[in-house]
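First up is the structure itself, then whatever we jot down about it.
The values are calculated or read from the model by the stated rules, or taken from the named source; none is laboratory data. Every value quoted in this text rests on a predicted model; they were computed, and no experiment measured them. Cβ coordinates were reconstructed from backbone atoms using ideal geometry, including for glycine residues, and neighbour counts include every protein chain displayed. When the accessible area is computed, the model is the full protein with side chains, heavy atoms only, and any ligands, DNA or RNA have been set aside. Shrake-Rupley method; radii C 1.70, N 1.55, O 1.52, S 1.80 Å.
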Amino acid sequence: MQQDSKINNVTSTTIDTVSKLPKLGFLGVGWIGRNRLESIAKHKAGEIVYVSDPVLANTEEVLKSTPQAKLVTSLEQMLTEEVDGVVIATPSALHAEQSITALNAGKAVFCQKPLGRNRIETQKVVEAARQADKLLGVDLSYRYTQAMQQVYQVIQSGEIGEIYGVELTFHNAYGPDKPWFYDPKLSGGGCIIDLGVHLVDLALWGLNFPVVESVTSSLFSKGKRITNPDQQVEDYATASIHLQTGTHVQLTCSWNLPAGQEAIISAVFYGTNGGVAFKNQNGSFYDFVAERYYGTRTEILYSSSDNWSGRAGVIWANRLAAGEKFNPEAEEFVKVAEVLDNIYGR
């Protein structure tokens, strides 16, 4: 996805030039789905028409704040003529099939990551979007943090020279609380596909999606090396990604790591004229800093709390309201999925 005004101005999520709000259905309104719904509603980026979730308590909570929405029991029931797009926040095993169903019905889609459990599923969704000529978005949300936007601008300016090294880290002191996350057939993998997907996306996006030459990895579960990732999910992983440009990308991520704080999140880019980094602060999931490195000197480009979690969905809804159709940028989702497949040895 090339940087443009819609992404550059991540705080400008109004639709002043748009005549009407897109009508949206929300499939899956647990914690993440409800957060995305509330963000879109707060920014007046879409009209919430339908909600659906198998857990009654989830829909009851959503309907308290959006009483105008209709409760339906399936995706098919929300694919009416009036609906412009569907926001999907269901378990990972359902993402590809549900996205394709919505796209084939002529609806734009914004889906939680991963879009598919592997490259093949992801490619099928992208092809469905292409055939339907509908906007496809994936919640690769760290792109849209204020700090990462600053980092991206520095990289794209060329001021740090030729980038030869990238270090990516995402340690989450907690692990998922749903059983399906721990079944590779349902989740597609462990911490790599859950957390590492964000980091791989940041690196490839920041470097304008160069060709990936080779990938090597080591996956662990409870301190033991995993030999068959199709049967066991990893809670700690490292990967070395070599790009055709000569750049080396080192990735490390984990669930439940005793790292001394809630989270360690960073993407650091080293070039021949210095470095630039995106990092969380003090273990926070919402406080970030962008740093520019000059030898032993550090310049702070951005440092603040950032309520980023629903921003990608708001931007997608604004693009939909502006009349955007299929964009070839969706092929980037396939490129990220291919790297993950290589990490898993698929």
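Which of the numbered conditions does Tyr152 fail, given that it passes all the others? Conditions: (1) more than 13 Å from Ala277 (Cα to Cα); (2) buried (at least 16 other Cβ atoms within 10 Å of the Cβ); (3) of a type outside the set (S, T, N, Q).
Result: Tyr152 passes all but (1).
Looking at the structure I just gave you, is Leu257 at pLDDT 95 or above, open to solvent by less than 60 Å² (accessible area, probe 1.4 Å), in contact with a Leu (Cβ under 6 Å, 6 or more places away or on another chain) and not charged (D, E, K, R)? Full working, then the answer.
Values: at pLDDT 95 or above: yes; open to solvent by less than 60 Å² (accessible area, probe 1.4 Å): yes; in contact with a Leu (Cβ under 6 Å, 6 or more places away or on another chain): no; not charged (D, E, K, R): yes.
Answer is no for this residue.
Looking at Ala41, Ala102, which one is assigned to a helix (DSSP H, G or I) and open to solvent by 10 Å² or more (accessible area, probe 1.4 Å)?
Working: Ala102 fails: open to solvent by 10 Å² or more (accessible area, probe 1.4 Å).
Within the list Ala41, Ala102, the selection yields Ala41.
Please identify the pairs in which a residue from region 159-173 that is small (Gly, Ala, Ser) has its Cβ atom under 9 Å from the Cβ atom of a residue that is surrounded by fewer than 18 Cβ atoms within 10 Å (Cβ to Cβ) and part of a strand (DSSP E or B), counting only partners at least 6 apart or on another chain.
Final answer for the pair search is Gly161/Gly274; Gly165/His248; Gly165/Gln250.
Counting only residues that are in contact with a Ser or Thr (Cβ under 8 Å, 6 or more places away or on another chain) and open to solvent by less than 30 Å² (accessible area, probe 1.4 Å), which one in region 219-234 is nearest to Lys185 (Cα to Cα)?
Within region 219-234, the match that is nearest to Lys185 (Cα to Cα) is Val233.
Does region 285-337 hold any residues that are buried (at least 18 other Cβ atoms within 10 Å of the Cβ) and of a type in the set (Val, Ile, Thr), and which are they?
Listed by number, the residues that qualify are Val289, Val314, Ile315, Val334, Val336.
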